[in-house]
1. Please give the direction-averaged projected area of the C-alpha convex hull for the protein assembly as shown, in square nanometres with one decimal.
2. Relative contact order, percent, of chain A when contacts are C-alpha pairs under 8 Å separated by at least 6 residues?
3. Between B:A158 and B:V207, what length in nm is gained on full extension when 0.36 nm per residue of separation is reduced by their alpha carbon distance?
4. Per DSSP helix of 4 or more residues, -39500 (n - 2.57); summed, then divided by the residues of chain A. What does that give at 222 nm, rounded to the nearest 500?
5. Mind checking the log10 I(q)/I(0) for the range A:69-116 at q = 0.19, 0.23, 0.30 Å⁻¹? Debye, one equal scatterer per Cα, no solvent, two decimals.
6. Starting from the Cα of B:K161, draw a straight line to each of the aspartates and glutamates and keep only those under 20 Å, dropping any in the same chain fewer than 8 residues away.
7. Modelling each spin label as a point 7 Å along the Cα-to-Cβ direction, I'd like the A:E60/A:T261 distance in nm, to one decimal.
8. Kirkwood Rh over alpha-carbon pairs of the range A:164-263, then Stokes-Einstein at 37 °C and 0.692 mPa s: what D in µm² s⁻¹, rounded to an integer?
Amino acid sequence: MSNRHSRELLRVEALEKRFGTLSVLRQVDLSIDRGEVVSIVGSSGSGKSTLLRCLNLLEEPSGGRIIFDGRVVAERANDAAALKLDKDYPPSRLRMDVGMVFQQFNLWPHMSVIGNVAAPLRFSRKVPIREAEERAEAMLAKVGLSHKIREMPSRLSGGQQQRVAIARALVMQPRAMLFDEVTSALDPELVGEVLEVLRELAGEGMTMVMVTHEMQFAREVSDRVAFMDGGVVAEIGPPEQLFVDPQQARTRTFLARYLATTR
Amino acid sequence: MNYTFNPSVVLLNWVGLAHGVEVTLILSFTSFIGALLFGLIAALGRLSSHRAVNMIAGAYIEFVRNTPLVVQLVWIYYCLPILIGINMPGMQAAIIGLSVGESGNVAEIIRGGIRAIPKGQIEAAKAVGFSPATTMMRVILPQAFRLMIPPLLNSFVALLKATALVAIIAVPDLMFVAQRMSAETFRPIELLTAAAIIYFLIAYPIVLCVRRIERRAWSHL
């Protein structure tokens, strides 16, 4: 049942993910409101990316429920049970509403910049090519790449490629966006231009969940920050609380270690 | 050596040789289409996540690649008719044999091309709601196809050369014709050399073509 008036947009309940015998997510509960920006931090292997990838079902959960806009999009009682999907709202449909941007850009190298951005509209939403390209062009203008639309992706810098990837996700007019360490593969001098786009998007009220190592940025734009450790959300709260006055010992250890390496 | 070289025998027999070339080309093209078809099916089977399908396709590819083509040809010509109870003309047996024989290599080329596309690109396609078929048609195949062209052309050349084996089941291809005429005219050197040159003249331009494509592909990197 869809409920547009509820504040909550996305929710996971008792989410479990196992790869063979390795348990990556253990009973994760998380709720994200409309227009909220939530950052997920934690050391590598803590389950951050896996959690994010479960939100648009790029990873199939081993257990638990995923609820988007009041609809149970995936549910699984346990490993033995089959994953139950919403037939009227399958993963491919969910992914049109929940965009994702990856660490490695993942642009399609055989298509031009505008081809990359227009493709989701053309092939998922079946928008006619001319209209798709017009909308793609407008989206590329938004991320500051109007002058690059006919280029091939390989001719762009990393920061530019990542902005194309963001435009490719945004052109679908998603209701939420997932960002998986989108600046981690960039040279330091190119990080700023990508963060600028994210900052603008957050300002426009987009619901965003981002896995990031950019603590300063997370602190600045997030409504809440979740710290993950050992496959659970160990602590979640407003950035000033989590960064300044963490309640959990392991959050403090993580932040102290992080500060020690960046100083 | 008391053999007097007489090239005119080639010119005198050019009609026969031309018929041989015709059969060789028909065999090469038809069998290549067959090999593409069988190879594509086998490759898709090999890429399937269905375990039984995967194993059957794997077994087919390995068996075909690890048995001599001559054995496959002769088996299809002599044994298959006994088993299925219908008589098979040599030409038909040759086309089936060559198609099957080359399909193992073709399957590996197709599989390699598809597997070469980075996983991240496929995930990006999923993440914008592409169906598996759209992902295959719009993301994987356009790139994989470019990677497959040079090895597929090489495979065609291999097949073209392999057609010379069908002489063994009496299909009148270039090799068969050249051999028969040598026996009739007692001029094996002229006629077999001519056959070799004709094979070379067909195969070499394709090889040059492959080299050109490969060089161009590298210069893009």
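Every number in this text was worked out from the coordinates using simple rules, so none of it is lab data. These numbers come from a predicted model, not from an experiment. Glycine also receives a Cβ, built like all others from the backbone with ideal geometry; neighbour counts cover every protein chain displayed.
1. If I average the Cα hull's projected area over directions, I get 32.7 nm².
2. Across chain A, relative contact order equals 24 percent.
3. Full extension of this stretch gives 16.6 nm more.
4. So the calculated ellipticity at 222 nm is -10500 deg cm²/dmol.
5. -0.79, -0.90, -1.11
6. Filter leaves B:E22, B:E102, B:E108, B:D173, B:E190.
7. Placing both labels 7 Å beyond Cα along the Cβ direction yields 3.4 nm.
8. The estimated diffusion coefficient comes to 223 µm²/s.
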